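Please read the structure below before turning to the comments.
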Amino acid sequence: STRPSDTVARLGGDEFAIVLDDVEDDAAAATVAAKLIEAVGRPIVVDGHELTVFASIGISRFPGDGVTADLLLRQADAAMYLAKQEGRNRCRFFSPEITAGVMQRLDIATGLRLAVARDQLVLHYQPAVDATDGRVLSVEALLRWRHPTRGLLGPAEFIHIAEETGVIDSIGRWVLETACRQLRKWHDAGLTHIAVKVNLSPLEFRQPGLLDQVRAAVEENNIPPGALGIEITESAAMQEPERSEQVLTEMRALGIHVSLDDFGTGHSSLAQLSRFPIQGLKIDRTLVAALPDDRKNAIIASTVAALCSDLGLDLVGEGVESEIGRAHV
């Protein structure tokens, strides 16, 4: 679909850039884009399964849309993002009408590719406290990005973009390795009762190399069994129950404490839940925030607490910020 004079390069993840030399007009560029979409979309057979890949293409033009390679790539990326929003498997030319929101997304995507190398990521550790005596049982590693112009950003503002661009692999590896190094420092200082829990995004949980990453981090930092915890959302576990069961079983074999996060927000059945080799549940903040005034939420919370007690599972109430809230979880 491309010519010998064209240049094709991989930017990262599933993003590629193609430089078309000596293109007559927009129609010619659109024709090339259509051929690429057709070529990429041809069904392929893998292990007897027919798979189809969809492509979204953004086009910027020299010199009308920019005169530098960096600017032209940004404009094409913005147009590609709109093509995705409009249903994928199509192309879109850059235009000045592209919204500020799209450009902000591009700024985040570009910055994320450099955030690890520039030491802009940081972990904050939120304690999980025993409801009976106030002892700190573990801490949850919470990712923050020290953005050079926008200040401290929480994961809700950039994780979905990290997943879209493929940067989530390097960020997830950094979080795991950093949390394990900090845990080793605490244990060396005598705080051996502290455990650290790390959140996995749904895409991270589906990565084939996840177990190898966890094993390497545990062995390198000599983490004892039970001191490192992995949290995945209930909905992520339910996407592929059989695979989830296998991965979580192997996690347990490595001595990892496994918990389901955001419990109560998914669409699982208790029969499916019983299959997973988990050791804890975390009640979602939306249920905890209404306690103790909302009677229905209080009944749900107490039922989950009784379930965890009967199954021998740890229970964490997310977002407990008062003595009254602690008493009802």
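The values are calculated or read from the model by the stated rules, or taken from the named source; none is laboratory data. None of the values given here were measured: they were computed from a predicted structure. Here the Cβ positions follow ideal geometry from the backbone for every residue, glycine too, while neighbour counts run over all protein chains shown. Remember, those area values only see protein heavy atoms, side chains included, never the ligands or the DNA or RNA. Shrake-Rupley method; radii C 1.70, N 1.55, O 1.52, S 1.80 Å.
Looking at region 260-283, which of the residues that are at pLDDT below 70 and part of a loop (DSSP other than H, G, I, E, B) is nearest to residue 236 (Cα to Cα)?
For region 260-283, the residue satisfying everything is 266.
Which is modelled with pLDDT under 75, touching a helix residue (DSSP H, G or I) at 6+ places or on another chain (Cβ under 8 Å), outside any loop (DSSP other than H, G, I, E, B) and surrounded by fewer than 19 Cβ atoms within 10 Å (Cβ to Cβ), of 325, 319?
Result: 325 is the single residue among 325, 319 that is modelled with pLDDT under 75, touching a helix residue (DSSP H, G or I) at 6+ places or on another chain (Cβ under 8 Å), outside any loop (DSSP other than H, G, I, E, B) and surrounded by fewer than 19 Cβ atoms within 10 Å (Cβ to Cβ).
What number of residues in region 148-159 are open to solvent by 40 Å² or more (accessible area, probe 1.4 Å) and either under 11 Å from the mean Cα position of the chain (by Cα) or farther than 14 Å from residue 123 by Cβ (or both)?
6
Here is a check on your reading of the model: is residue 114 under 22 Å from residue 165 (Cβ atoms) and in contact with a Leu (Cβ under 8 Å, 6 or more places away or on another chain)?
So residue 114 does not fit the description; no.
Tally up the residues in region 88-118 that are more than 21 Å from residue 61 (Cβ to Cβ) and touching a Phe, Trp or Tyr at 6+ places or on another chain (Cβ under 7 Å), please.
Of the residues in that region, 7 qualify.
In region 125-146, how many are acidic (Asp, Glu) and either open to solvent by 60 Å² or more (accessible area, probe 1.4 Å) or touching a residue at least 24 places away in the same chain (Cβ under 8 Å) (or both)?
2
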